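Heads up: the structure comes next, in structure tokens.
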Amino acid sequence: MNMQSPPPVPPSAPQRRKPKRTPKGRQVDPAALEEVRFLLTDRLRRRDQLIEHLHLIQDHYGHISAPHLAALAFEMSMALTEVYEVATFYSHFDVVKEGEAPPPATTVRVCDSLSCCMAGAEKLIADLPGKLGADVRVVRAPCMGACQHAPVVAVGHVQTFNATVEKVATAVAAKPHAHAWHPTTGFDAYRKDGGYKLLKACLDGQRSADDLIKIVSDAGLRGLGGAGFPTGRKWSLVRAEPAPRMFAVNADEGEPGTFKDRHYLERDPHRFIEGVLIAAFVVEAHETYIYIRDEYPELRLMLLEEIEKVEDAGLSPHTRIHLRRGAGAYICGEESAMSESIEGKRGLPRHRPPFVAQVGLFGRPTLEQNVETMFWIRDIIEKGADWVTSQGLHERKGFRSFSVSGRVKEPGVKLAPAGITMRELVDEYCGGMADGHTFKAYLPGGPSGGILPESLADLPLDFGTLDKYGCFVGSHAVVILSEKDDIKAVALNLMKFFEDESCGQCTPCRVGTEKAAKLMAQGPWNVALLQELSATMRDASICGLGQAAPNPLLCVIKYFPEELTKPLGTW
């Protein structure tokens, strides 16, 4: 037997791979690239402009096609996956995949949030497709910030209040387009009434930042977007951080039942703008971003015009104002998610710490404030802290703006003393209950704030007063319910909202809201399982959405046990 190893085999010559006939990845269509360049003109191709550029395509074509996505990614030197994930995150972008048919030219959005459902939105959703025909798409949409005019329907971006099938059909035929809103108090009238004198005094060195911080602190001004964080303290925290600093203003009120920011912007936008410019002066923010709801197109166009007047008058030399447009994502009301969206990304809340005041917009210390908080700055500083603290009821100080909708005679924004009770608010500010309705329950702070029974309608309404009852006032979005409303159906409507609006980043919120909605749609409720699921969502969710989502269902279990065995009602 031959035990020798076989002779070595000479290595073969390296084989060249045949080149691919086409380069890797999706190829850019020249025609689509030319169309994108036409829309973008000389706009900056920076990452933070991505959502603005997506809006340009969506507005022009009514959807965003695969070739346009690829062309936009190429033009902005971004990976297509980055552009795609942002475009598909926001509900107002209609991304059409390759091979799919684009949506109809006209989209009708019917608000299915609580106040609109109480006013007949479900019937509109059922009846409109047959009336409008196949050339019109009818879809559900979350709160549009006009709850006092429920039900609300948007044809394109233009809203129809107190909508009926006939009103919507007329609006569709008219093909409406958004036009700039004409505010009750414009730039000239505002300046004639003393507007911007306080700002000028600040810029001229007559008022110091420390002086302003003390006044708003003594007045007890708090963030009126829902969190209620003391404004003066926030200003001090941001000022203590190293420059450069940023400022972001949240005009994206998406909590169902909330419309107070819209109310104030429609009537007196310059009182808000002056407040913004004063706050930017206090924290020395050289860049200011106003993030406004896409559901408010008329206000966005109006603010563009009014801010230009302010800049032309030389009133903003200390900060540059940028107006950024949301794209249909409730989660972007959370401060870190809003920062992500302004930066052109998906609106995913960040883990904290660090907090936004330390590492916020573009990685810089950032002041974030709500529209209404800024609206009161001028009045508080000019009139003094005593003007605020002299108001209030039931041992509370100040005043609050309540967005009231539901079963009352006179819904709307009600400026009332802090600490007012719900019974006082309904009887003295809303004309009482609507005819044929008896007060049964109320939402003190939108879906996040929970549901309380009429028997607890004599509690003072303010930050912290409802904590021991498992509720809170939040953004002061009040929805009044009557004996004709099914409490379980109300809670299910609110949970479905949270399910739709969850950003999907964390499992407890993403899966928890979905499972809770399914369990609540079944009957009778499995109380033990719902409570266990709620505890998981509260303890493990990253942000306030998942943490607050169980509040309505837990309130039903706690305050309305007699409802649990009843079949689920319909609208």
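Here are the numbers:
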item	result
Candidate set from region 393-406 (those that are in contact with a Pro (Cβ under 7 Å, 6 or more places away or on another chain) and under 30 Å from Ala150 (Cα atoms)); member that is most open to solvent (accessible area, probe 1.4 Å)	Phe399
Candidate set: region 478-516, residues that are out of contact with any Cys (no Cβ under 8 Å at 6 or more places or on another chain) and of a type in the set (Gly, Ala, Ser); chosen: the one nearest to Leu114 (Cα to Cα)	Ala489
Residue selected from region 106-123 under the condition under 24 Å from His63 (Cα atoms) and without any contact (Cβ under 8 Å) to a residue 60 or more places away in the chain, by the criterion surrounded by the most Cβ atoms within 10 Å (Cβ to Cβ)	Cys111
Residues within region 155-198 that are surrounded by 15 or more Cβ atoms within 10 Å (Cβ to Cβ) and either under 22 Å from Glu305 (Cβ atoms) or in contact with a Phe, Trp or Tyr (Cβ under 8 Å, 6 or more places away or on another chain) (or both), tallied	16
Criterion (surrounded by 21 or more Cβ atoms within 10 Å (Cβ to Cβ), small (Gly, Ala, Ser) and either touching a Phe, Trp or Tyr at 6+ places or on another chain (Cβ under 9 Å) or not in a loop (DSSP other than H, G, I, E, B) (or both)) met by exactly one of Gly328, Gly254	Gly254
Residue in region 499-513 that is closer than 30 Å to Gly436 by Cβ and either open to solvent by 10 Å² or more (accessible area, probe 1.4 Å) or more than 22 Å from the chain's Cα centre (by Cα) (or both) present	no
Selected residue (criterion: least open to solvent (accessible area, probe 1.4 Å)) from residues of region 295-318 that are in contact with a Phe, Trp or Tyr (Cβ under 7 Å, 6 or more places away or on another chain) and either acidic (Asp, Glu) or part of a strand (DSSP E or B) (or both)	Glu306
Test result for Pro561, loosely packed, with under 15 Cβ neighbours inside 10 Å, at pLDDT 95 or above and not hydrophobic (A, V, I, L, M, F, W, C)	yes
Given (1) out of contact with any helix residue (DSSP H, G or I) (no Cβ under 7 Å at 6 or more places or on another chain); (2) closer than 26 Å to Arg233 by Cβ, index of the condition Thr421 fails	(2)
Strands (runs of 3 or more DSSP E) completely within region 411-521 that count 1 or more residues being under 30 Å from Ser541 (Cβ atoms) and of a type outside the set (Ser, Thr, Tyr)	439-443, 477-482
In region 68-105, the residues that are of a type in the set (Ser, Thr, Tyr), in contact (Cβ under 8 Å) with a residue 24 or more places away in the chain and farther than 30 Å from Pro447 by Cβ	Ser77
Flag if Val276 is part of a helix (DSSP H, G or I), buried (at least 24 other Cβ atoms within 10 Å of the Cβ) and over 22 Å from the mean Cα position of the chain (by Cα)	no
Matching residues in region 422-439 - criterion: being of a type outside the set (Phe, Trp, Tyr), touching a residue at least 40 places away in the same chain (Cβ under 8 Å) and buried (at least 18 other Cβ atoms within 10 Å of the Cβ)	Met422, Leu425, Val426, Cys430, Met433, His437
Those helices (runs of 4 or more DSSP H) lying entirely in region 20-138 with at least 2 residues more than 30 Å from Asn493 (Cβ to Cβ) and of a type in the set (Asp, Glu)	30-40, 50-61
Residue within region 45-52 that is at pLDDT 95 or above, of a type in the set (A, V, I, L, M) and over 16 Å from Glu340 (Cα atoms) present	no
Residue list for region 503-559, filter: touching a strand residue (DSSP E or B) at 6+ places or on another chain (Cβ under 6 Å) and acidic (Asp, Glu)	none
Test result for Phe259, under 20 Å from Ala150 (Cβ atoms) and aromatic (Phe, Trp, Tyr)	yes
Odd one out for Ile292 among (1) open to solvent by less than 10 Å² (accessible area, probe 1.4 Å); (2) within 27 Å of Cys147 (Cβ to Cβ); (3) in contact (Cβ under 8 Å) with a residue 60 or more places away in the chain	(3)
So His177, is it modelled with pLDDT under 95 and at negative phi	yes
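Here's the yes/no breakdown for (1) within 22 Å of Asn370 (Cα to Cα); (2) out of contact with any Gly (no Cβ under 6 Å at 6 or more places or on another chain); (3) not polar (S, T, N, Q):
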{"residue": "Phe463", "(1), (2), (3)": "yes, no, yes"}
{"residue": "Lys468", "(1), (2), (3)": "no, yes, yes"}
{"residue": "Ala491", "(1), (2), (3)": "no, yes, yes"}
{"residue": "Leu494", "(1), (2), (3)": "no, yes, yes"}
{"residue": "Cys506", "(1), (2), (3)": "no, yes, yes"}
{"residue": "Cys509", "(1), (2), (3)": "no, no, yes"}
{"residue": "Trp525", "(1), (2), (3)": "no, yes, yes"}
{"residue": "Met537", "(1), (2), (3)": "no, no, yes"}
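The values are calculated or read from the model by the stated rules, or taken from the named source; none is laboratory data. Everything quoted here is computed from the prediction, not taken from an experiment. We place every Cβ from the backbone using ideal geometry, glycine too, and count neighbours over all the protein chains shown. The protein model used for the area step is the full one, side chains on, heavy atoms only, and it has no ligands, DNA or RNA in it. Shrake-Rupley method; radii C 1.70, N 1.55, O 1.52, S 1.80 Å.
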